[in-house]
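The values are calculated or read from the model by the stated rules, or taken from the named source; none is laboratory data. Since the model is a prediction, treat every value here as computed from it, not as a measurement. Glycine also receives a Cβ, built like all others from the backbone with ideal geometry; neighbour counts cover every protein chain displayed. Note: areas computed on protein heavy atoms with side chains; ligands, DNA, RNA excluded. Shrake-Rupley method; radii C 1.70, N 1.55, O 1.52, S 1.80 Å.
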Amino acid sequence: PVAHKRIRKRCGDSLQLFCETYFPSVFYMRWSVDHLRVIQKIETAVRKGGLFGVAMPRGSGKTSLCKVACLWAALYGYRRFIVLIGPTEEHGKALLSDLRVQLESNDLLFGDFPEVCFPIRSLEGITHRCRGQLYMGERTHIEWRSNKLVLPTIPKSQSSGTVIMVAGITGQIRGMTHQRLDGSIARPDLVLIDDPQTDESARSPAQCAQREAVISGAIL
């Protein structure tokens, strides 16, 4: 059973409240006005669509907001195929690894989102158990790879079968698809880009132009 149904429901209407409720050790300082503006932009993009880019100082929480926004969009079923993009493939995999840690070990999430966190905890870190995991005699079809996560298929779950993929901005962006159980082909419906540049690429006008072209072309 869900531990706190009212809190879970309220957090579905507010990314800010979701951050404060389920990640108090990450978001432990007061929000600035700029933080609240960014959170509002993320909410709008996730729930209604839209495009935006924002520059924030280092250490101001950009990556943390990206990761938690990804979980918020997935757990509440706002988006079904989410892509997190970093400056390199290794960075992207590190982002997914961080999400895995939260889904596996965050007791606050476990209490209010058992339909997601309990099947993940039941793997006990052994990914090859995914193929044989059952719920009520049916496979959960959970997937856990270094660059892709498919949340468990559980009846009436808002996030059932939601896909989260990661990539590097200079890697394979085009052609991201996922075949659903009904035979349909899913394509990404939300993309979050975290720090698209490295220190090296930022010093090169050619590399800057290339990365802008990838964002405005392949990613869009």
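Considering only DSSP beta bridges where both residues belong to the chain, give the percentage that are antiparallel (nearest 5). Before the final figure, lay out each step's value.
On the way: 9 of 19 bridges.
That works out to approximately 45 percent antiparallel.
So, in Å, what gap is there between the alpha-carbon centers of region 15-45 and region 96-131?
Region 15-45 and region 96-131 have Cα centres spaced 23 Å from each other.
Taking only the C-alpha atoms, wrap a convex hull around region 1-43 and report its volume per residue in Å³ as a whole number.
Working: hull volume 3.2 nm³, N = 43.
So the per-residue hull volume is 75 Å³.
How would you rank 148-160, 200-212, 98-110, highest first, on the average number of other Cβ atoms within 10 Å across their residues?
Highest mean packing first, the order is 148-160, 98-110, 200-212.
Given axes a ≥ b ≥ c from the Cα gyration tensor, I'd like to know whether region 108-156 is rounded (a/c under 1.5), prolate (a/b larger than b/c) or oblate. Mind showing how you got there, number by number?
Working: a/c = 1.59, a/b = 1.14, b/c = 1.40.
Because a/c hits 1.5 or more and a/b fails to exceed b/c, region 108-156 counts as oblate.
Placing unit charges on C-beta atoms (Lys and Arg positive, Asp and Glu negative, everything else neutral), compute the dipole magnitude of the chain about its Cα centre in debye, rounded to 20. Working shown, then result.
Values: 29 positive and 21 negative charges, 110 e Å.
Using Cβ point charges on Lys, Arg, Asp and Glu, the chain gives about 520 debye.
Between Gln40 and Asp13, how many nm apart are label points set 7 Å from Cα along the C-beta direction?
A separation of 1.7 nm, rounded to one decimal place.
So for region 1-123, what are the equivalent ellipsoid semi-axes in whole Å, largest first, each being the square root of 5 times an eigenvalue of the Cα gyration tensor?
Numbers: eigenvalues 99, 63, 42 Å².
They are 22, 18, 15 Å, listed from largest to smallest.
For region 1-150, what's the relative contact order in percent, using C-alpha pairs closer than 8 Å and at least 6 residues apart? Don't jump to the answer; show the numbers that get you there.
Values: 108 pairs, mean separation 30.3, N = 150.
Answer for region 1-150 is 20 percent.
In angstroms, what radius of gyration and Dmax does region 79-183 have, counting Cα atoms only?
According to the Cα coordinates of region 79-183, Rg and Dmax are 13.8, 42 Å.
Hey, if you put +1 on the Cβ of every Lys and Arg and -1 on every Asp and Glu Cβ in region 103-187, which of Thr170, Ser159, Gly132 ends up farthest toward the positive end of that dipole?
Looking along the dipole axis, the top candidate is Thr170.
Just reorder Tyr22, Tyr135, Tyr78, Tyr28 by solvent-accessible area, largest first, 1.4 Å probe, all chains present. Walk me through the numbers before you get to the answer.
Details: Tyr22 5, Tyr135 105, Tyr78 65, Tyr28 160 Å².
Of Tyr22, Tyr135, Tyr78, Tyr28, the descending order of accessible area is Tyr28, Tyr135, Tyr78, Tyr22.
Can you give the calculated 222 nm mean residue ellipticity of the chain, where each DSSP H run of n ≥ 4 adds -39,500 (n - 2.57) and the sum is split over every residue, rounded to the nearest 500 deg cm²/dmol?
Values: 9 runs with 91 residues, N = 220.
The per-residue figure over the chain is -12000 deg cm²/dmol.
Semi-axes of the equivalent ellipsoid of the chain: what are they in whole Å, largest first, if each equals the square root of 5 times a C-alpha gyration tensor eigenvalue? Display every interim value, and only then the final one.
On the way: eigenvalues 159, 96, 48 Å².
Listed largest to smallest, the semi-axes of the chain are 28, 22, 15 Å.
Below 11 angstrom from the Cβ of Trp31, what's the summed charge of the other residues (Lys, Arg +1; Asp, Glu -1)?
Net local charge, Trp31 excluded: 0.
How high is the relative contact order of region 84-220, in percent, counting Cα pairs under 8 Å that sit 6 or more residues apart?
Details: 187 pairs, mean separation 37.6, N = 137.
Result for region 84-220 is 27 percent.
Between 0 and 90 degrees, rounded to the nearest ten: what's the tilt of helix 89-105 against the longest Cα principal axis of the chain?
Relative to the chain, helix 89-105 is tipped by roughly 30 degrees.
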